[in-house]
């Protein structure tokens, strides 16, 4: 019985450590002219997220932490070209995402934990 309880708690801890998060995002706005996109749902774990933009699923994967500014840095993993970088800044139930594109356009959105 003692081993069963230990296994049960080990499974609970393993499951909660990799639990899927859901974030409701306002939609990316251009930092240049303020034009905006549609709201979207961001889902995933701290190592990988995905969202739908222009009827395509975009996937991003974690590559590094920026301990100075407290950002987690992700890159586009949809086409494995890593043409876009994403800086995610978590603050409780709020998340700010800054997207940098290879074309030089930057976008920002605010998301809220669901």
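We did not get these values from a lab; they are worked out from the coordinates using the rules stated. These figures come from a predicted structure and were not determined experimentally. Glycine gets a Cβ as well: all are built from the backbone with ideal geometry, and neighbour counts include every protein chain shown.
To the nearest 0.05, what FRET efficiency results for residue 31 and residue 90 with a Förster distance of 25 Å applied to their C-beta separation?
On the way: r = 20 Å, r/R0 = 0.80.
Computed FRET efficiency for residue 31 and residue 90: 0.80.
Hey, any idea what Rg/Rh is for the range 21-113, computing Rh the Kirkwood way over Cα pairs? Provide the component values of the computation, followed by the final result.
On the way: Rg = 12.2 Å, Rh = 13.2 Å.
Using Cα coordinates only, the ratio equals 0.92.
Between residue 38 and residue 64, what is 0.36 nm times their sequence separation minus the Cα-Cα distance? Round to one decimal in nm.
Separation in residues times 0.36 nm, less the Cα-Cα distance, equals 6.6 nm.
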